[in-house]
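A.B. asks: Handing you a structure now.
The values are calculated or read from the model by the stated rules, or taken from the named source; none is laboratory data. Just so you know, these numbers come straight off a predicted model, no measurement behind them. Counting neighbours? That spans all protein chains shown, and the Cβs are built from the backbone with ideal geometry, glycine included. Ligands, DNA and RNA are stripped out before the accessible areas are found, and what is left, the full protein with its side chains, is counted by its heavy atoms. Shrake-Rupley method; radii C 1.70, N 1.55, O 1.52, S 1.80 Å.
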Amino acid sequence: MKCSHKLLFFLNSFSLGLLAPVLTMVLCGHGATLTTASLFTGVFSLTVVISEVPSGIAADLAGRRKIFILSHIFTWISFFLILLSRHTALLAVGCVFLGLGRSFSSGSLEALEIEQALEEHGPACLERVNRLLSVIESLALASGALLSGYLGHLDSSYALILLCLLAVETLLLLLAFLFVREQPGHPTPAETGRKKETSLSENLSSLFALMPSTAFLKHILAKSVVLGLFLSAVEIYWQPDLLKLLPGQLTWIPGAVSCLGYLGVTLGSTAGARLMARLRSAASGKWSLYAFLRLMLPIPMFLFALCNAWYVFALCYIILYILLGAANLAENTLLHSIVPNRHRASMLSLLSLFTRGGGLITSVLGSILLKNSTVSTVWICISILAFLLTLGGFLLFFAFHHHTAENSGPSSRSRRPL
């Protein structure tokens, strides 16, 4: 990967890490209150949900470079409007543009990088490329989170963070204009002989026609809902639960734990890449590894409910993100090996949409559970639910493929996605 592209990926994730830990405080400093902040985050989330899949299809049709640049124009406008905002209307418009920027950026540059790597080096490079992207993302998110806490301490209005975000977005746009190039790619073997989609309706039809023919894609979409259900609970409740265990003089610990969690993703993806490399010629082994890692994910969340010391809670949190990094590396490697180039950005956006759908379920389920119980109940119920859904999905998948293999003969095996 070119150094300029590495810098682009770093800055893109750095911007996310800079904003994510203080988004609610930024909103409250520019027109929202603690009571109405959830409404503005709702505007942001709804915009992402509505535009997620159309933006991915647009990237497949119009080109990844154009959509990536457009996403950061939207994001730059959003930060500028939020910086100027002192009332609800302008802040709401800023949240709409932020949602558009987030949805249009998801998968566009990543899809382009994956396609170029496949064209130059073939499928053998997937583990290495996915690991590199995961490492860059994790380091950037960790760096952004640390800087965010420091800048928030210096300026309680969070205008300094917004100015920093505007500078990062300006640099991102400049680098994208100068260094990102997109050449018309050659069709993959699976695409040879097929007519290229030139319209939105044709692309949609082809995308959804792909789903029934590839069992893994249907399964991974279902797993994305479970992952969104699980991760949303962690993101919403981990910090207040940890703060209850901390002595008064250690209130800076959550920022450090968050940073270590991001680094844990890097460690997990590195370990996952090495395991996947050993299974390079064994598709069933890669799938089994992926299944095992996904099943292990809910266990650290379950242990959250049993923690009575902050350092034990922090250790469970870091282990969770190590497992997440390894599982995501395995999933991305398997996914990119079977998705055609013409649908890569669309599929990444569709996965993001399903994951956010799982997060919406958590919002409702968590509020119901907390009416008559504590966060510990949330940890126990959601971790058990996620484990059972994951286990049931994998058992059905393995049973289906075992049955197919026994009844369809060798030719069926040759068409299996993995």
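A.B. asks: Mind ranking 66, 218, 6, 223 by accessible surface for me, highest first, 1.4 Å probe?
C.D. replies: The most accessible residue leads, giving 66, 218, 6, 223.
A.B. asks: Rounded to whole Å and ordered largest first, report the semi-axes of the equivalent ellipsoid of the range 43-167 derived from its Cα gyration tensor (root of 5λ).
C.D. replies: 30, 20, 10
A.B. asks: Please compute the net charge surrounding residue 307, taking Lys and Arg as +1 and Asp and Glu as -1 over other residues with Cβ under 11 Å from its Cβ.
C.D. replies: Overall, the nearby charge balance is 0.
A.B. asks: Something else: Per-residue HN-Hα couplings for the range 234-240, Karplus 6.51 cos²θ - 1.76 cosθ + 1.60 at θ = phi - 60°, whole Hz, x for Gly and Pro?
C.D. replies: Result, ordered by residue: 4, 5, 7, 10, 5, 5, x Hz.
A.B. asks: Something else: What FRET efficiency comes out for residue 154 versus residue 295 if R0 is 56 angstrom and r is the Cβ-Cβ distance? Round to the nearest 0.05.
C.D. replies: The value I calculate is 0.80.
A.B. asks: Compute the orientation-averaged projected area for the range 1-117 from the convex hull of its Cα atoms and round it to one decimal in nm².
C.D. replies: Spelled out: convex hull of the Cα atoms, projected over all directions, averaged, 7.2 nm².
A.B. asks: Please give the contour-minus-distance gain from residue 277 to residue 396: 0.36 nm per residue of separation, less the Cα-Cα distance, rounded to one decimal in nm.
C.D. replies: In short, 40.2 nm is gained.
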